[in-house]
Amino acid sequence: MSNSTKSGLTRRGLLGGLGAGAGVMSLAALTPVQAALLPEPETSESYDLVVIGSGLAGCAAALEAALGGAKIVVLEKASQARMGGNSFLAGGSFSLPISDTAEAHAHYVEDYDKYTLGRGNTEIFALMAEHIHRDVAWLQENGIEVLPAVDRPPNRVSTATVAPGSFAGMPVLFRRMRARLEELGVKFAFDTKARQLIMDEAGAVVGVRAVGRQGVADYRGRSVVIATGGYAGNTQLLEAYSDPNAGALMVRGIKHATGDGLLMAQGAGAGLKGMGGLMALHIAAVDGVETAAGQPAAVVPYAVSINREGRRFVDESLGYVSHGKAVLNQPGQMTTLVFDQSIRDSVAEGVISTFNRLGLTVHQADTLEELAGIVGLPAEQFAQTVEAFNAAVDNGAAPGANPPKRTLASRIETAPFYAFSPLVPGITLTFGGIMINESAQALEADGRVIPGLFAAGEGAGAVFFQDYIGGGSMTNCLVMGRIAGREAAA
Ligand code: ADP
């Protein structure tokens, strides 16, 4: 707790004007830098396919291509103990259409379009809808257990979580994935950072020049899949593209997410898309210390979120990304998520057991006044806020509340009362990335295909914009990773 308070104070001090400077972003930071070229190395290995990144997208690409008989190397700049990138830290839920029918597919795409303000990648949403049921079954065929899907109202989306459950499944997935890939003959080069794409006279990508423990080495292939994830760990990119103050935001994931793949692809002529402004960031309000799993996403739409002044400030039913972004503009950039026993019984049990497993406090009190004392809220204003909210709840909505809650509203009235507090905003994902087509081929800004270059996952496709529906990023990585692997090995 003292850690979280300390980092919270530093962050608040730095973030005074987040969003205010977006119009004056530093052009200097966007000027391409002429990279010094690495020397041609003595070591050169040849494969059918070179995959950069061992997260979910890279593994899905490698598995698909390996099952087709391709000879593959996966380059990973982290050590083998850190295989899996940000995917390793994910909750481990895939979003799926509620059933595998054309109508449910259409609803899924419509809901993703709505959340992304019509500026996400509809073609990729359609591919996700079409493939994800089959692709989850494919994971199971390859030894990765996934729990049955659960509907996620108010969206027409369900989620299926990697066993044994939320924030516990991804380490298991990566253990099994690695064993399966090695069984199929895939080679992993850990501690090996891809630095440059190698191109031939025809302008096609034919390999990767990388730096590993033994120095520079070339990994030649008929094609290359970039699956290097996002750029949340790259302060310069965040400040240049998202907001001059975004570099001060807490980052939930790995330090390796530095946008290397985006920059390498750009160097080979690829266009980037969806990088600008805070719309390009997924921000969630999380525990300040356990920033990955200390995230009560499933509870947010049902609870009331209360700022330091004791007031609500957002329609919680919009989901945890809208909520996380709204916290950016609250006093002290923190919030308290409050719910009662009935909400605990219906939706909060899973999150509470994750918090308990991590040793995080779930505050509990018999009265709202007592709860206010424990979490440091102004008791009188807090009581008034809850009273006014409760009075406005009518038939599952609270349109007259301030601010209104359009759905999933229930009165906070059954003791004991609970709170996750304080929660602070942190960057989960970056949404912008390498332009790709439906075959995961990298594109130049004018739409030309770059032969031999494929990209998938968090850093490709500019799939989401402003917001998303939980589970979407995992689904994108699996579906587009698999497509990239198939097309790149073809
Ligand atoms: P995704 O969710 O899109 O699969 P992840 O963040 O899970 O992305 O995985 C990306 C992986 O790529 C991480 O393990 C990261 O360490 C690795 N990576 C990033 N840049 C490089 C690079 N230049 N060379 C090798 N591996 C890289």
- Task: Could you please let me know if Pro403 is out of contact with any helix residue (DSSP H, G or I) (no Cβ under 8 Å at 6 or more places or on another chain) and either surrounded by fewer than 18 Cβ atoms within 10 Å (Cβ to Cβ) or farther than 16 Å from Glu316 by Cα (or both)?
- Result: yes
- Message: Residue under question is Thr428, and the condition is that it be within 16 Å of the ligand (Cβ to nearest atom), modelled with pLDDT under 95, crowded, with 19+ Cβ neighbours inside 10 Å and among the hydroxyl-bearing types (Ser, Thr, Tyr); does it hold?
- Response: yes
- Message: Just to verify a result, which residue in region 421-441, among those that are outside any loop (DSSP other than H, G, I, E, B) and among the polar types (S, T, N, Q), is nearest to the chain's Cα centre (by Cα)?
- Response: Thr428
- Item | Qualifying positions in region 243-275 - away from the ligand (no atom under 15 Å from the Cβ) and in a loop (DSSP other than H, G, I, E, B) | Asp243, Pro244, Asn245, Leu249, Gly269, Gly271, Met275
- Task: Output the qualifying pairs, or none if there are none: Cβ atoms under 7 angstrom, residues six or more apart or on different chains, first residue in region 328-356 and modelled with pLDDT under 95, second residue of a type in the set (D, E, K, R) and part of a helix (DSSP H, G or I).
- Result: Gly332/Arg12; Gln333/Arg11; Gln333/Arg12
- Query: Mind checking which pairs have a first residue in region 44-58 that is farther than 10 Å from Val208 by Cβ and a second that is acidic (Asp, Glu) and open to solvent by less than 10 Å² (accessible area, probe 1.4 Å), Cβ under 7 Å, 6 or more apart or different chains?
  - Reply: Ser44/Asp218
- Message: For the list (1) at pLDDT 95 or above; (2) of a type in the set (S, T, N, Q); (3) open to solvent by 40 Å² or more (accessible area, probe 1.4 Å), I need the number of the one condition that Gln34 fails.
- Response: (1)
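Are there any strands (runs of 3 or more DSSP E) wholly within region 190-240 with 1 or more residues that are at positive phi and open to solvent by less than 50 Å² (accessible area, probe 1.4 Å), and if so which? Spell out the reasoning first.
Numbers: elements: 193-199, 205-212, 215-220, 223-226.
Strands (runs of 3 or more DSSP E) meeting the threshold: 205-212, 215-220.
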- Message: I'd like to verify a number: residues in region 60-93 that are touching a Cys at 6+ places or on another chain (Cβ under 9 Å) and in a strand (DSSP E or B), how many?
- Response: 1
- Message: For region 327-343, give me each residue that is open to solvent by 20 Å² or more (accessible area, probe 1.4 Å) and under 17 Å from Leu423 (Cβ atoms).
- Response: Asn329, Gln330, Pro331, Gly332, Met334
- Item | Failed item in (1) away from the ligand (no atom under 16 Å from the Cβ); (2) under 30 Å from Lys405 (Cα atoms), with Ala280 passing the rest | (1)
- Filter region 449-467 for residues that are away from the ligand (no atom under 15 Å from the Cβ) and charged (D, E, K, R) and give the result. Asp467
- Taking Gln140 as meeting all but one of (1) free of Cβ contacts under 8 Å to residues at least 40 places away in the same chain; (2) assigned to a loop (DSSP other than H, G, I, E, B), write down the number of the exception. (2)
- Of the residues that sit in region 83-106 and are at pLDDT 95 or above and open to solvent by 50 Å² or more (accessible area, probe 1.4 Å), which one is farthest from Arg213 (Cα to Cα)? Glu103
- Query: Residues in region 292-300: is at least one modelled with pLDDT under 95, away from the ligand (no atom under 15 Å from the Cβ) and over 28 Å from Phe389 (Cα atoms)?
  - Reply: yes
- Message: Within region 129-139, does at least one residue satisfy the condition of being out of contact with any strand residue (DSSP E or B) (no Cβ under 8 Å at 6 or more places or on another chain), surrounded by fewer than 17 Cβ atoms within 10 Å (Cβ to Cβ) and at pLDDT 95 or above?
- Response: yes
- Task: Please list, ordered by first then second residue, the pairs with beta carbon atoms under 7 Å, 6 or more apart or interchain, first in region 96-115 and farther than 21 Å from Leu147 by Cα and without any contact (Cβ under 8 Å) to a residue 40 or more places away in the chain, second open to solvent by less than 20 Å² (accessible area, probe 1.4 Å) and assigned to a helix (DSSP H, G or I).
- Result: Val109/Phe125; Val109/Ala129; Asp113/Phe125
- Query: Hey, any hits in region 71-94 for a residue that's more than 16 Å from the chain's Cα centre (by Cα), more than 16 Å from the ligand (Cβ to nearest atom) and on the phi < 0 side of the Ramachandran plot?
  - Reply: yes
- Unique match (being assigned by TED's automatic domain parsing to the domain that holds His105, basic (Lys, Arg) and within 20 Å of Gly69 (Cα to Cα)) among Arg152, Arg213, Arg175, Arg220: Arg220
- How many residues does region 276-314 contain that are assigned to a loop (DSSP other than H, G, I, E, B) and among the charged types (D, E, K, R)? 4
- Hey, any hits in region 308-322 for a residue that's over 25 Å from the mean Cα position of the chain (by Cα), outside the structural domain of Arg156 (by TED's automatic domain parsing), farther than 17 Å from Asp287 by Cα and free of Cβ contacts under 8 Å to residues at least 60 places away in the same chain? no
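Considering every residue within region 383-398, establish whether at least one is of a type in the set (Phe, Trp, Tyr) and assigned to a helix (DSSP H, G or I).
yes
Is it the case that Gly470 is in the same structural domain as Val150 (by TED's automatic domain parsing), open to solvent by 10 Å² or more (accessible area, probe 1.4 Å) and within 16 Å of the ligand (Cβ to nearest atom)?
Yes: the conditions hold for Gly470.
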- Message: For region 438-490, which positions are among the acidic types (Asp, Glu) and under 24 Å from Leu238 (Cβ atoms)?
- Response: Glu458, Asp467
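The values are calculated or read from the model by the stated rules, or taken from the named source; none is laboratory data. All values derive from a computational prediction rather than experimental measurement. We place every Cβ from the backbone using ideal geometry, glycine too, and count neighbours over all the protein chains shown. Each accessible area value is taken on the protein alone, full model and side chains, heavy atoms only, with ligands, DNA and RNA left out. Shrake-Rupley method; radii C 1.70, N 1.55, O 1.52, S 1.80 Å.
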